[in-house]
Amino acid sequence: MDKPQNIYDNEKFYKDYRDMREKGLNANELIEIPIMKDMLPDLKGKRILDLGCGNGGMSKYFIEKGAKSVLAIDLSSNMINEAKEKNNAENITYVVLGMEDISKIEGKFDIVFSSLAFHYVKDYDKLVKDIYNLLDENGILIYSQEHPIATASKYHKEMKSYIFLDEKRYYVVSNYNENGERKMFWNVDGVIKYHRNFSYTINTLIQNKYNLLEVRESTASEEAIKLNSKYENQNDRPYFLFIKASK
Ligand SMILES: C[S@@+](CC[C@H](N)C(=O)[O-])C[C@H]1O[C@@H](n2cnc3c(N)ncnc32)[C@H](O)[C@@H]1O
């Protein structure tokens, strides 16, 4: 198996990403996290696996909401070190591990959670199979990813490319039905993500025996738009896709 790219351990990428998150008023804080929190069930007593946990902000939130334990993994040592520093708690275990290797994990989980990390994984079918095996009976998978209309284009010199027609901004979408690798500029050149169209994403879950519970696409609340008016663009081109499915 090819080694996954570990871009969060690239020092320039990591510094720019951390600065963006620390500045706040970003799409994670204003759009993605509120929707993910809204989709979570009652967390009391739950055993949770957080895939691509980043700096552990959500892992800590799970414990604050009464989760019994959290195993939080990430490919990047930078992110795991930051998580241990900023979001440590007695019942959270942070481990440097790729999502490609989660079949090595022992034990079962009530919730497998992942925020904006699945689009870095090449083999989505294997990933959802491995997660299925880690879920306890009636366990739930809740995850967010970049929306397929955002990952589709092969033109990625700019992150959010658009053109103006009749003075309105239109976003560029192309290559939508060509699933596979996309290389783009984000903080540094050559960041690898994987594009999968909507039907492949959903059908892979169905073929792996998941029951779909909820699918959402990002929208921005009035409050979010007040704090950062650029997120009005969620109406034109949502950044994120959210999926909740049970075993
Ligand atoms: C956009 S960040 C999101 C971090 C965190 N979930 C959050 O929402 O704050 C994506 C995270 O996925 C991690 N990641 C990327 N590829 C991975 C892989 N193959 N296995 C595990 N983690 C990975 C990155 O290191 C990074 O921490």
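The values are calculated or read from the model by the stated rules, or taken from the named source; none is laboratory data. Computed from a predicted structure; not experimentally measured. Don't worry about glycine lacking a Cβ; one is built from the backbone with ideal geometry, like all the others, and counts go over all protein chains shown. Please note that ligands, DNA and RNA were not included when accessible areas were found on the heavy atoms of the full protein model with its side chains. Shrake-Rupley method; radii C 1.70, N 1.55, O 1.52, S 1.80 Å.
Within 10 Å, count the other beta carbons around each residue, average over each peptide in 33-39, 221-227, and list them highest first.
Working: 33-39: 16.0, 221-227: 13.1.
Result, highest mean first: 33-39, 221-227.
Between rounded, prolate and oblate, where does the range 62-125 land on the alpha carbon gyration tensor, with a ≥ b ≥ c its root eigenvalues, rounded for a/c under 1.5, else prolate if a/b exceeds b/c? Present the calculation step by step, with values, prior to reporting the outcome.
Working: a/c = 1.80, a/b = 1.29, b/c = 1.39.
Because a/c hits 1.5 or more and a/b fails to exceed b/c, the range 62-125 counts as oblate.
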**Complete:** Gyration tensor on Cα atoms of the chain, a ≥ b ≥ c root eigenvalues, a/c under 1.5 rounded, else prolate if a/b beats b/c, else oblate, says rounded
**Complete:** The local net charge around D110, scoring Lys/Arg +1 and Asp/Glu -1 for residues other than D110 whose Cβ lies under 14 Å from its Cβ, equals +4
**Over the chain: helical MRE at 222 nm, DSSP H runs n ≥ 4 each giving -39500 (n - 2.57), nearest 500** = -7500 deg cm²/dmol
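For the range 1-71, what is the Kirkwood hydrodynamic radius in Å, using each pair of distinct C-alpha atoms?
Values: mean 1/r = 0.0713 Å⁻¹.
One decimal place: 14.0 Å for the Kirkwood radius.
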**Estimated distance in nm for a label pair at Y200 and K86, the labels positioned 7 Å out from Cα along Cα-to-Cβ** = 3.2 nm
**Accessible area of the chain belonging to carbon and sulfur atoms, whole % at 1.4 Å probe** = 47 percent
**Request:** Please compute the net charge surrounding D236, taking Lys and Arg as +1 and Asp and Glu as -1 over other residues with Cβ under 10 Å from its Cβ.
**Result:** +2
**Asked** Tell me, what is the per residue accessible area of the chain in Å², probe radius 1.4 Å?
**Response** 50 Å²
**Asked** Under a plain spin-label model, where a point goes 7 Å from the Cα along Cα-to-Cβ, how far apart in nm are K230 and E11?
**Response** 2.7 nm
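Based on alpha-carbon atoms only, what is the radius of gyration of the range 1-124 relative to the globular estimate 2.2 N^0.38 Å?
Numbers: Rg = 14.1 Å, N = 124, 2.2 N^0.38 = 13.7 Å.
Computed over Cα atoms of the range 1-124, the ratio equals 1.03.
Would you please classify the overall shape of the range 171-241 from the alpha carbon gyration tensor, given that a ≥ b ≥ c denote the square roots of the eigenvalues, rounded means a/c under 1.5, and beyond that prolate means a/b larger than b/c while oblate covers the rest? Write out the running numbers ahead of the final one.
On the way: a/c = 2.35, a/b = 1.22, b/c = 1.93.
Oblate, because a/c is 1.5 or more while a/b does not exceed b/c.
Could you list the GluC sites (Glu not before Pro) in the range 161-209 that lie in coil according to DSSP, counting only those with at most 14 other Cβ atoms within 10 Å of their Cβ?
Hits after loop and neighbour filter: E167, E178.
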**Asked** Given that compact globular proteins tend to follow 2.2 N^0.38 Å, what is the ratio of the alpha-carbon Rg of the range 123-226 to that value?
**Response** 1.29
**Asked** Over the range 75-166, with a single point scatterer placed on each C-alpha, what log10 of the ratio I(q)/I(0) does the Debye formula yield at q = 0.13, 0.20, 0.23 1/Å?
**Response** -0.61, -1.13, -1.32
